[in-house]
Amino acid sequence: MGRQLLILLGGDPNQTESSKLLLDDGDLRTLYESLVLTRVVDQACTDLQQSGELGFYISAMPAAASSAGAAIALEDGDWLFPSYRDLGAYLARGGQLEDLLAQVWGVEGDLVRGRQLPGQGGLPDGRFVPPSGTVGASISQAAGVAHGMQLRQAPNVAMAIFGRGAMDQGSFLTGLATSVRHQAPAIFLCRTRGTERPTALQRAAGLGLETALVDGSDCLAVAQTVATARRRALAGEGPVFIEAVLEPESAERDPARRFRGFVEHRGLWDAQREEDFNRRSESRVLDAIETVRGRPPLSSATMLEDVWAQSPWMLQEQSTRLRGGADD
Amino acid sequence: MTELTMAEALNRTLREEMAADDRVLLLGEEIADLGGIFGVTAGLAEEFGTDRVVDLAISEGGAIGTAAGLAMYGMRPVVEIQFADFIWAGAEQLFNEVARMRYRSGGMYSCPMVVRVPYGVGGGLTQSQSPEAHFAHVPGLIVAAPADATDAAGLMRAAIRSDDPVIFLEPKRSYRQPAPVEDDAVVSLGIARLRREGADLTLVTYGSTVPQAMAAAELSAEKGIQVDVLDLRTLAPFDIGALLGSIAKTGRAVVVSEAPRCGGFASEIGATLAEKAIMHLEAPVERVTGYDAPVAPAHENDYLPDAAAIATAIERVANF
């Protein structure tokens with residue numbers, strides 16, 4: 001694929017257009033809207049964390065462009081193991097605003113039932129596996145899912161997104177090496193600063209993966225690269241490792257800004273839409289926050305559920321204790 | 001009914017489950033070409049191909065992490081760890097990921113898989129651990145510990161069909177011991193087996209120390225002490241009904257395990273009896289265990305609780 005840094009946004013939109021886009025207009029518009037919505041939700045949650053209403057919240061920035069960009073290039077049936085800043089991917093993969101905020105507030109409607117830190121929710125069917133609290137753990141799991149897809153001959157890929165901190169974990173080595181050994185349809189996206197030595201790309205290339213380097217704040221370059229990797233993996237050509245470089249200045253709070261000129265140039269967006277969508281997003285987010293604020297907290301009885309498929313006797317006893325009764 | 005060694009019984013059960021369910025696949029180090037370090041997977045790669053009998057690199061974390069992904073995707077992986085002592089390299093995946101996947105995802109994802117773990121004294125300083133208490137301490141894992149070919153076959157079938165991750169502890173000194181194996185027998189997880197009946201004392205054990213416990217029961221019988229030998233077979237969750245039922249009858253208990261004493265699973269049984277059966281107890285519960293020391297290859301026989309030591313404890317508790 002390429003060891004030259006791929007940048008599609010920021011130059012002449014005509015030139016960008018000439019690159020063979022693998023995303024259709026619907027995807028491009030969804031990507032733009034996901035980025036705007038991500039910015040609005042993230043800003044609201046960050047503000048509420050600073051004001052003290054939310055005890056904990058990890059900002060989705062500066063990962064949002066690479067997050068939504070990667071997710072939009074996936075198809076139904078593809079699996080995503082996200083990192084802990086992947087709000088953009090959550091929305092781009094069809095996550096609902098109220099579900100997301102119910103998880104952040106830890107109230108009824110939280111799909112992961114209060115088990116994850118705020119912002120670390122999940123979606124079923126591989127759309128968004130709730131991120132692990134341990135760095136890099138999902139890399140070998142993604143290799144396992146990809147192997148399963150091979151065995152089932154499913155036309156799908158498994159993708160893991162992680163940060164540079166995961167590169168020294170054992171799961172990085174085994175996940176990448178296992179997927180190479182099976183030529184499994186896996187895509188690994190690592191966010192870096194571009195200054196690590198050895199670089200992420202050097203490590204992955206050394207393990208035999210096809211590699212690509214992209215500007216991680218260029219959502220289109222990320223989407224295009226993931227879509228290319230996806231085609232390659234499905235053609236049986238093996239896993240792909242993508243290094244998405246996040247420059248320090250890319251920590252800006254508007255991941256959509258760079259993309260707007262492109263979608264406008266393609267006639268998918270204009271000033272009026274921008275104004276309408278911004279206003280609607282802000283009111284949707286405020287409404288959803290009001291909704292989840294009004295919801296009851298999660299019942300403490302759920303604390304002992306989903307540990308095993310069926311509750312064994314110890315948990316049945318302990319659930320009596322939890323309700324204030326005697327243990328036995 | 002066929003007489004098979006435990007290794008043969010496991011091999012046959014894996015073969016039958018793989019034939020019946022194409023979601024079942026095996027992962028491990030040298031399990032295809034070599035047939036696994038104890039020969040449990042011998043011949044299966046020839047029969048099912050290396051897509052389903054997968055040799056992995058030497059990385060327990062990689063094996064368990066890969067299996068976790070396969071399980072989440074709907075497959076039923078069975079992972080072979082060569083020796084229990086090696087599993088700690090995979091503990092992060094096992095404890096933080098596999099065991100909690102159902103919980104952390106609110107039930108959206110789960111990791112139904114079997115991790116086969118040869119365990120117990122025999123082999124060396126890093127080939128002799130009995131780590132069952134560590135696993136039984138982790139919510140979300142099921143811990144099975146069969147003692148012989150009969151139960152290994154039946155429990156393996158249940159473990160593969162379980163919707164939860166199962167740590168399957170295989171007592172490696174029993175791999176070559178024969179026992180009758182019934183076709184298609186399933187031993188439900190969580191159900192103990194009363195291997196011998198007696199009214200005077202309950203001898204509780206599981207897995208690798210069942211043979212010594214049976215021999216000790218025989219020695220005690222010669223001295224007129226008749227014991228129930230309760231083989232737990234599953235440690236998490238263990239069969240509380242069978243345990244309390246036997247104690248209600250005998251009022252006395254000795255618990256046998258070859259793991260180190262401090263914080264061991266024998267202690268969990270002792271504590272449970274103190275909490276739930278104190279009104280039945282006529283004597284202190286005694287543990288016969290390994291030592292709070294590693295297992296030195298030069299001293300394996302000294303380390304293991306033997307029938308004489310168990311019989312001495314039985315006599316002490318019976319005559320208290």
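The values are calculated or read from the model by the stated rules, or taken from the named source; none is laboratory data. Fair warning: this is a prediction, and the values are worked out from it, not measured in the lab. Cβ coordinates were reconstructed from backbone atoms using ideal geometry, including for glycine residues, and neighbour counts include every protein chain displayed. Please note that ligands, DNA and RNA were not included when accessible areas were found on the heavy atoms of the full protein model with its side chains. Shrake-Rupley method; radii C 1.70, N 1.55, O 1.52, S 1.80 Å.
For residue B:249, the accessible area of its heavy atoms, probed at 1.4 Å with every protein chain present, is near 100 square angstrom. Counting only DSSP H runs of at least 4 residues, each contributing -39500 (n - 2.57), and dividing by the residue count of chain B, the helix-based mean residue ellipticity at 222 nm comes to -9500 deg cm²/dmol.
Distances between placed amide hydrogens fall under 5 Å for residue A:112 paired with A:122, all partners being 5 or more residues away or on another chain.
Could you pull out the trypsin sites (Lys or Arg not before Pro) across the range A:1-106 that fall in loop regions by DSSP (anything but H, G, I, E, B) with no more than 16 other Cβ atoms inside 10 Å?
A:20
Ligands, DNA and RNA are left out, and with a 1.4 angstrom probe the accessible area of the range B:201-257 is 24 Å² per residue.
Residues of the range A:284-328 whose accessible area (probe 1.4 Å, heavy atoms of protein chains only) drops by at least 10 Å² once all protein chains are present, relative to their chain alone: A:303, A:306, A:307, A:308, A:309, A:312, A:313, A:314, A:317, A:328. Of the accessible area of chain B, computed with a 1.4 Å probe over protein heavy atoms only, carbon and sulfur atoms account for 53 percent.
Taking θ as phi - 60° and the Karplus parameters 6.51, -1.76 and 1.60, the scalar couplings of the range A:207-213 work out to 8, x, 8, 5, 10, 8, 10 Hz in sequence order, x denoting glycine and proline. Take residue B:167: with every protein chain present and a 1.4 Å probe, its accessible area is about 0 Å². Bridgeable aspartates and glutamates around residue B:223 (alpha carbons under 18 Å apart, same-chain partners fewer than 8 residues away excluded): B:197, B:200, B:306, B:315. Residues of the range A:160-174 buried by at least 40 Å² of accessible area upon assembly of all protein chains, compared with the chain on its own (1.4 Å probe): A:174.
Report which residues of the range B:19-68 become buried by 50 Å² or more of accessible surface when going from the isolated chain to the complete set of protein chains (1.4 Å probe; DNA, RNA and ligands ignored). Buried on complex formation: B:66. For residue B:140, nonlocal amide neighbours, meaning residues 5 or more places apart or on other chains whose placed amide H falls under 5 Å from its own, do not occur.
Going by the alpha-carbon gyration tensor, a ≥ b ≥ c the square roots of its eigenvalues, is chain A rounded (a/c under 1.5) or, if a/c is not under 1.5, prolate (a/b greater than b/c) versus oblate? Here chain A falls in the oblate category. Output the 0 to 90 degree angle, nearest 10, between the alpha-carbon long axis of helix B:6-20 and the longest principal axis computed from the alpha carbons of chain B. Approximately 40 degrees, to the nearest ten.
Here the 3J(HN,Hα) profile of the range B:212-217, calculated from phi with Karplus coefficients 6.51, -1.76 and 1.60 at θ = phi - 60°, is 5, 5, 5, 5, 5, 4 Hz, Gly and Pro shown as x. In this rough spin-label picture, where each label sits 7 Å from Cα along the Cβ direction, the residue B:262-residue B:296 distance is 1.9 nm. Chain A packed on chain B takes about 3500 Å² of accessible surface away from a 1.4 Å probe, both sides summed. Relative contact order of the range B:133-284: 25 percent, from C-alpha pairs under 8 Å at least 6 residues apart in sequence.
Normalised by the residues of chain A, what does the relative contact order come to in percent, with Cα pairs under 8 Å and at least six apart? Rounded, it is 22 percent for chain A. Heavy-atom accessible area for residue A:182, with the other protein chains in place and a 1.4 Å probe, reaches approximately 40 Å².
Mind checking the range B:131-192 for trypsin sites (Lys or Arg not before Pro) that DSSP puts in a loop (not H, G, I, E or B) and that have at most 15 other Cβ atoms within 10 Å?
Taking the range B:131-192 and a limit of 15 other Cβ atoms within 10 Å, the loop trypsin sites (Lys or Arg not before Pro) found are B:176.
For the range B:111-126, 3J(HN,Hα) computed residue by residue from phi via the Karplus equation (6.51, -1.76, 1.60; θ = phi - 60°) reads 10, x, 8, 10, 10, 7, 10, x, 9, x, 4, x, x, x, 4, 10 Hz, glycine and proline entered as x. Could you give log10 I(q)/I(0) at q = 0.08, 0.11 Å⁻¹ for the protein assembly as shown, computed by the Debye formula over C-alpha point scatterers of equal weight, without solvent? For the protein assembly as shown, the Cα-only Debye profile gives -0.65, -1.04. The range A:18-75 and the range A:107-137 have their alpha-carbon centroids 17 Å apart.
Dipole of chain A computed with +1 at Lys/Arg Cβ and -1 at Asp/Glu Cβ about the Cα centre; of A:242, A:121, A:30, farthest Cα towards the positive end is A:242.
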